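Any read-out appearing in this document is the output of simple, stated calculations on the displayed coordinates, not a laboratory observation. It should be emphasised that the depicted structure is a prediction, and the values quoted were computed from it without experimental measurement.
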Amino acid sequence: MKLAVLVSGNGTNLQSIIDAVNDGTLRGVTISYVISSSPDAYALKRAERHNISTVIVERKKMPAILTPIFKSVDLVVLAGFIWVIPDELLDIKPIINVHPSLLPFFGGKGMYGDRVAKAVLDAGMKVSGATVHLVTKDIDGGPIIMQKCLEVRDYDTPDTLLERTHPIEHEILVNSIKLMSEKEYKIVGKRIVFP
Ligand code: GAR
């Protein structure tokens, strides 16, 4: 299974995929491209260190640049990618996204990284977590592939909550890629099932 991984920042989720490919957890999986919304993303350094081809994309050029790339891979992974994927790119290959909350809560347009963690704390939640889902037109609303919870602590800040959310994201992102590389899936209503 060939992957295109889209990033915008630090790239810890990308790193977890690279590590899982290298240690054999993701057997038969190759990262063909790392695509970044910014030339300054540290994620690009992680890709270069592992000799993975990198592409920097401008927002307006996403359809032109990404269409041939999406056609050439089997699965597209949004690993902290900041922009919404244009509609015309949605049906080329399955696209999955990792999000730092238990969707459908605290998702949608503009909900990214520490804004999500702040919203979780402002709502007084006692649990939070992470979600991996299929990307559809409905922002952060596609069928859920995997989720995992964690407890919110009384004195959590957005930073401490995100710090504890990251390892959970890494775990369910790698496990979701593994699942999608090994099994067919079916969409039944809002649910995704792996028969
Ligand atoms: C992750 O926390 C990811 O869930 C979030 O961006 C961060 C990227 O971290 N994505 C979203 O909020 C998407 N709405 P990373 O660059 O270290 O992987």
Pull up the DSSP beta bridges for the chain and report the antiparallel fraction as a percent, rounded to 5.
45 percent
Residue-wise HN-Hα coupling along segment 186-195, computed from phi with Karplus coefficients 6.51, -1.76, 1.60 (Hz; x: Gly, Pro)
10, 9, 10, x, 8, 9, 10, 10, 10, x
Residues whose built amide H sits under 5 Å from the amide H of residue 135, excluding neighbours closer than 5 in sequence, are 95, 96, 97
Show me, for segment 159-167, the HN-Hα J-couplings you get by feeding each phi into the Karplus relation (A = 6.51, B = -1.76, C = 1.60, θ = phi - 60°), rounded to Hz, glycine and proline as x.
5, 5, 5, 5, 4, 7, 6, 3, x
Give me a comma-separated list of calculated 3J(HN,Hα) values for segment 15-23, in order, Karplus coefficients 6.51, -1.76, 1.60 applied at θ = phi - 60°, integers in Hz, x for any Gly or Pro.
4, 5, 6, 4, 4, 5, 5, 5, 8
Could you check which residue among 96, 145, 85 shows the biggest mean-square fluctuation in a GNM of the chain with a 10 Å Cα cutoff?
85
Scan around residue 146 for amide H atoms under 5 Å from its own, H built in the peptide plane at 1.01 Å from N, and keep only partners 5 or more places away or cross-chain.
132
Could you give the radius of gyration (one decimal) and Dmax (whole number) of the Cα atoms in segment 41-186, in Å?
15.8, 48
